[in-house]
Amino acid sequence: MRISHLRLRLRDLGCKPCHEDRLLRGWVQLCSYDRKGSAAATFFPAALRAELPAIEAELEGLARLHGEYPADAEVARLLLELHDGQMVESVLLPRGGLCVSTQVGCAVGCVFCMSGRDGLLRQLGSAEIVAQVVLARRRRKVEKVVFMGMGEPAHNLDNVLEAIELLGTQGNIGHKDLVLSTVGDVRVFERLMERCLNSVRPEPVEGSNREDGDSVHASTSSARTDYGAVKPALAISLHSTDASLRAELLPNAPQIPVEELVTRCEEYARTTGYPVQYQWTLIKGVNDSDAELARIAELLAGKYAVMNFIPFNAVDGLEYRRPSVERIAVMVGTLKQRGILARIRDSAGQEVEGACGQLRARAVK
Ligand code: SF4
């Protein structure tokens with residue numbers, strides 16, 4: 001299901017943008033539809049009130065919890081079953097973070113990832129992406145969402161941007177806490193920059209009551225949903241500075257020279273005011289050399305960026321290993337000495353159930 005399609009359906013039921021927003025806000029924030037002094041029963045148009053149980057049941061059925069590893073922990077992997085029986089994973093991260101999937105399977109086929117083993121099976125609708133947040137919020141607070149789970153967001157950009165728009169407006173999540181991750185695709189840079197350039201928020205109409213959230217929402221709602229008011233932060237899966245090694249590790253990623261990737265990222269970072277996060281899965285003997293380190297330092301010198309090293313986690317059937325703790329510390333320390341922000345990021349929950357996509361792969365088997 002797409003959020004834009006749901007909005008059209010609501011419009012057919014006589015809803016105004018304020019009704020759509022209130023229903024979507026109630027869903028994604030797990031709160032009542034009621035507004036001050038007026039219960040939803042009287043506030044919503046009669047046609048929506050009649051249809052509400054069916055709509056709520058559809059939203060509820062978008063994603064259901066199939067398994068949680070470990071159970072009841074702050075940091076855990078969630079295996080979710082979608083309405084058609086397909087499965088995806090979400091990860092509860094520390095400090096209120098959540099990693100969501102954007103596709104079932106993935107076409108990029110990174111050699112160190114289970115999610116791409118079977119290729120792309122299907123796209124997730126924007127509502128299915130947001131449903132992962134709703135489901136996680138039933139377990140604990142979610143204040144940051146990273147689009148880094150199963151799938152390449154660039155290959156499902158309309159749905160991902162729709163989900164981002166809803167989470168950043170009705171979902172009560174700060175724009176910089178919505179992190180879109182990509183292997184680097186020109187379409188992503190173009191769409192994100194377009195949103196920055198076209199995002200002049202219209203003034204609320206004269207006479208709107210600023211204390212009444214609905215009046216303000218009604219006057220600006222079409223802008224918030226259509227023109228792209230929400231500017232997410234950006235993460236790039238780099239993994240190597242060497243073009244041929246990068247093509248080997250990420251076989252179906254666009255072959256954009258790394259210099260161009262960094263230039264485009266820098267433009268977005270300076271425009272939005274958030275640093276770009278570079279992701280680097282560290283694999284022993286593959287991309288942990290001094291030559292890579294020197295090249296990263298050269299490329300990111302003076303850039304508004306942070307390098308996240310993610311030590312490789314075991315994947316069923318793969319021979320790769322992570323570098324030693326000492327080597328990882330040297331890599332981080334060397335970049336810091338060169339004035340580049342660098343840190344180690346462990347993929348949450350992986351010590352329990354392996355790398356991204358493994359839970360799903362085992363469940364499907
Ligand atoms: S690492 Fe990301 S882009 Fe690469 S195959 Fe896995 S899900 Fe796709």
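No value in this document is a laboratory result; all are computed from the given coordinates. Just so you know, these numbers come straight off a predicted model, no measurement behind them. Methodologically, a virtual Cβ is constructed for each residue, glycine included, from the backbone with ideal geometry; neighbour enumeration extends over all protein chains shown.
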Summed side-chain charge close to L250 - residues other than L250 whose Cβ falls under 13 Å, Lys, Arg +1, Asp, Glu -1: -3
Here the gain from full extension of E194 to K176, 0.36 nm per residue of separation minus their alpha-carbon distance, amounts to 4.8 nm
Share of Cα-Cα pairs in region 227-297 beyond 13 Å, in percent? 68
Please report, largest first and rounded to whole Å, the three semi-axes of the ellipsoid equivalent to region 34-105, where each semi-axis is the square root of five times an eigenvalue of the C-alpha gyration tensor. 32, 18, 10
Determine the principal axes of the Cα atoms in region 270-328, then give the extent along each, sorted from largest to smallest and rounded to whole angstroms. 42, 23, 17
Full-stretch length increase - H5, R187 - with 0.36 nm per residue and alpha-carbon distance subtracted: 63.2 nm
All other residues with a Cβ under 13 Å from the Cβ of V145 taken together, and with Lys, Arg as +1 and Asp, Glu as -1, what is their net charge? +2
For a quick protection proxy, order the peptides 100-112, 72-84 by their average other-Cβ count within 10 Å, most packed first. 100-112, 72-84
Can you compute the FRET efficiency between S289 and A107 using 1/(1 + (r/R0)^6), with r the Cβ-Cβ distance and R0 = 25 Å? Round to the nearest 0.05. 0.30
Residues other than Y274 with Cβ under 14 Å of its Cβ, Lys/Arg counted +1 and Asp/Glu -1, net out at +3
Each residue of region 97-112 in turn: what ³J(HN,Hα) in whole Hz from Karplus with 6.51, -1.76, 1.60 and θ = phi - 60°, glycine and Pro shown as x? x, 9, 9, 10, 8, 10, 9, 8, x, 6, 8, 6, x, 4, 5, 9
Flagged as over-length at 18 Å C-alpha distance, from K144/K303; K16/K231; K144/K176, the pairs are K144/K303; K16/K231
